[in-house]
Amino acid sequence: MIEQVAEPLEQAGITKVVLELDVNNHPGVMSHICNLFARRAFNVEGILCMPTPNTDRSRIWLLVFEDRRLEQMILQLEKLVDVLAVRRHGAEHEVFVRLEQFFH
Amino acid sequence: MKQMTGAQLIVRLLERQGVRTIAGIPGGAILPLYDALSGSDVIRHVLARHEQGAGFMAQGMARVSGRPEVCFASSGPGATNLVTAIADAMLDSIPMVAITGQVPLPMIGTDAFQEVDIYGITVPITKHNFLVRSATELLEVIPEAFRLAMSGRPGPVLVDVPKDVQNQLIEIETLPEPAEPDPAPVLDLAAIERAAEMINAAERPVLYLGGGVIHSGASQQAVTLAEQASLPTTMTLMGLGALPLDHPLSIGMLGMHAARYTNFVLEEADLLICVGARFDDRAIGKAAQFCPNANIIHIDVDPSELHKIKTAHVAINGDVAKVLDALLPQVKVKLRDAWLAQVDGLRNRYPMEMPARDDPRSHYGLIHAVASALDDEAIITTDVGQHQMWVAQAYPFRRPRQWLTSGGLGTMGFGMPAAVGAALAAPERTVVCFSGDGSLLMNIQELATLAEEGLNVKIVLMNNNSLGLVYQQQNLFYGKRVFASKYRGAPNFLRIAEGFGIAAVDLDAAANPAETLAQALSAPGPCLIHASIDREQFVFPMVPPGAANTEMIGG
């Protein structure tokens, strides 16, 4: 029909946020999560995923910039069937800080 | 202990789930499933002529029954042809389970013949999807697919089943129970109490009903709420039928093609009670200027819809029928004479203009003539374009699930196969598909399915030999530079129908078109009713894209 007319896409802020996701560990889970961010034009700065030992779960850490859409992104993440929990941390969380030595 | 193949297991589970009709098209990778389906005594298969048609037939069934319905397609192009129908179901929250064949597991990732990653392709357009890796997994995946499709906000689920999984033999002790929907979210009683207080205190409240009211079966509660609190009530495109259009409190559809008074009433509101709607741009126009003076109560089963476009003063996550049940006893009976008089004043001053509504050779007149020849038991489907908006404006919808239209995705080609699905789900009803010449051609092949099934579907073709809404917008917004919107050729739709073995009548040639129309609608079986309409008639009023709803042109 008619072209979408909306406010210009908001520029990402500069404040970083770390998201911690508990997810089911089976094929396709990562693609559901990455696809969600990509199709909503929300950049992911960093991503880390490992199985949690002795369970059928994994934990995913995401580093993102905070903007007004982040609340909506978290609600959308919580709707994904394989996402069991989402926790939000500040940028001071050490998970990505300690990884930085591998990215020089 | 019973031994069966994965394909036989799928068919058993579908039977136990209550599935009675499946639309689809077979192909190499889904042949084991079709072989198993041929052994079912309870499931009827309807052979579509294009997988998109099969998808819309499943949707038509689901929009009428309210239950998840099923379509089948083979791998590769069969599966990709389903994509539009799946996306359409996603945007309109229609419960559907699509089952596709896939190349055998060892061949996945080898670019095998008719291999496509339909799992990857459908990630963004399904509630959830599965690539099944063993027959044992089917015991969980099939019930889970149905549970997800019908729980909370309904939607489509895709299950991709490799051919070797369909053929795999498994031993089964007991079959899983058929899936049930999840329990509704726990009621937020404090928020419901605050909402009741706001409704009781409001001076100029408006009730805004969306498709969620239909999905949740909450029409009765919505009508009671409107009457109890004397709430002028508007409906979205998806919500039409929730309140009878000729109910004294109905102010019709809101938004881009609303009557002028409807959008003006919303402008005056001091409280907006949004039930099962999502503040879509076609409904609210420029979000910042929508209901500028109103507090907002938003009730929705999907928590991510709350505060998404407009921040609500009270947001209630829950099944809208259950929330309204809890809300109603707290809402005071009010007459609101002053506010209703103000609404009537706006209605009289800025009414819905329907020129030539008594002339069945005009677009509004044709819609009225169809409505006069039918009762409320009939089901109305549409395609997408001008005819869709005219029907939405003019048809007197009086019950939920009377009206099936492609709202969110706006898919041309939806109407006729959806009508076939509706007729499969409700064979006792007359189903009328309003279509345009552009839309009808997009799934014209399903006339073959319609003829084969002999269903009671009447296609009312409003033919202006153009892509009317494109033509309208080029005239209004692109300096009258009409390009690629007028057809140079003009197919003879009467002969097309005849070629498919479907009766056809031409209202252009009828001496008394209303009578010819009524006869065609009352004769049993399929029929194409052709009527030329004037290309220069546009859908008015119209809110230009990006403008506020009060900035309407025309009408």
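Taking trypsin sites (Lys or Arg not before Pro) as candidate sites, keep only those in a DSSP loop with at most 13 other Cβ atoms within 10 Å, then name the longest stretch of chain B containing none of them. Intermediate results must be reported in sequence, preceding the final value.
Numbers: sites that count: B:Lys332, B:Lys480, B:Arg481, B:Arg488.
The reported range is B:1-331.
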Heads up, the stretch B:249-289 by the C-alpha gyration tensor (a ≥ b ≥ c square roots of eigenvalues; a/c under 1.5 rounded, else a/b over b/c prolate, else oblate) looks rounded
What is the distance in Å between the Cα centroid of the stretch A:26-104 and that of the stretch B:255-320?
31
One finds the C-alpha centres of the stretch B:59-126 and the stretch B:524-543 to be spaced, in Å, by 32
Distant-in-sequence amide H partners of B:Phe397 (H built 1.01 Å from N, under 5 Å)
B:Leu245
Gyration tensor verdict on the protein assembly as shown (Cα atoms; rounded if a/c is under 1.5, prolate if a/b is larger than b/c, oblate otherwise)
oblate
Non-local amide H neighbours of B:Leu404 (under 5 Å, H modeled in plane, Pro and chain starts lacking H): which ones?
B:Ile380, B:Thr381, B:Thr382
From the helices alone, meaning DSSP H stretches of at least four residues, give me the mean residue ellipticity at 222 nm for the protein assembly as shown, per-run term -39500 (n - 2.57), in deg cm²/dmol to the nearest 500.
-10500 deg cm²/dmol
What translational diffusion coefficient, to the nearest whole µm²/s, does the stretch B:449-555 have by Stokes-Einstein, given a Kirkwood radius computed over alpha-carbon pairs, a temperature of 25 °C and 0.890 mPa s viscosity?
152
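What percent do you get for the relative contact order of the stretch B:10-100 when only Cα pairs under 8 Å and 6+ apart count?
Values: 147 pairs, mean separation 29.9, N = 91.
It rounds to 33 percent for the stretch B:10-100.
Under 11 Å from the Cβ of A:Gln76, count the other residues' Cβ atoms, weight Lys and Arg +1, Asp and Glu -1, and hand me the total. Display every interim value, and only then the final one.
Details: positive: A:Arg39, A:Arg40, A:Arg69, A:Lys79, B:Lys308; negative: A:Glu71, A:Glu78, B:Asp302, B:Glu305.
Around A:Gln76, the surrounding residues sum to +1.
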So what's the angle, to the nearest 10 degrees on a 0 to 90 scale, between helix B:513-522 and the longest Cα principal axis of chain B?
40
Compute the angle between helix B:51-65 and the longest alpha-carbon principal axis of chain B, please, reported from 0 to 90 degrees and rounded to the nearest 10.
60
Three-way shape label, the stretch A:19-104, alpha-carbon gyration tensor, a/c 1.5:
oblate
Ignoring ligands and nucleic acids, what accessible area does B:Thr550 show with a 1.4 Å probe (Å², nearest 10)?
40
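Could you please put B:Thr80, B:Thr21 in sequence from largest to smallest accessible area, using a 1.4 Å probe? Kindly include the intermediate steps, with their values, before the conclusion.
Details: B:Thr80 55, B:Thr21 20 Å².
Output order, biggest surface exposure first: B:Thr80, B:Thr21.
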Average Cα contact separation per residue, the stretch B:363-532, under 8 Å, 6 or more apart, as relative contact order %
22
Identify all lysines with a Cα-Cα distance to B:Lys332 below 25 Å; exclude those on the same chain that are fewer than 8 residues away in sequence.
B:Lys322
Chain B: angle of helix B:189-201 to the longest principal axis, Cα-based, in degrees nearest 10
30
Considering only protein heavy atoms, what is the solvent-accessible area of B:Ile170 at a probe of 1.4 Å, reported in Å² to the nearest 10?
20
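Arrange the residues A:Met30, B:Met352, B:Met552 by how much accessible surface each exposes, largest first, with a 1.4 angstrom probe.
On the way: A:Met30 75, B:Met352 50, B:Met552 15 Å².
The ordering from most to least exposed comes out as A:Met30, B:Met352, B:Met552.
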Might you work out the accessible area of B:Glu446 for me, using a 1.4 Å probe with all protein chains in place, and round it to the nearest 10 Å²?
0
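Can you tell me the relative contact order of chain B? Whole percent, Cα pairs under 8 Å, sequence separation 6 or more. Each step should come with its number before you reach the end.
On the way: 1288 pairs, mean separation 76.4, N = 555.
About 14 percent, as a whole number.
The values are calculated or read from the model by the stated rules, or taken from the named source; none is laboratory data. Computed from a predicted structure; not experimentally measured. Every residue, glycine among them, receives a Cβ derived from its backbone with ideal geometry; neighbour counts consider all protein chains shown. For accessibility, only protein heavy atoms count, side chains too; no ligands or nucleic acids. Shrake-Rupley method; radii C 1.70, N 1.55, O 1.52, S 1.80 Å.
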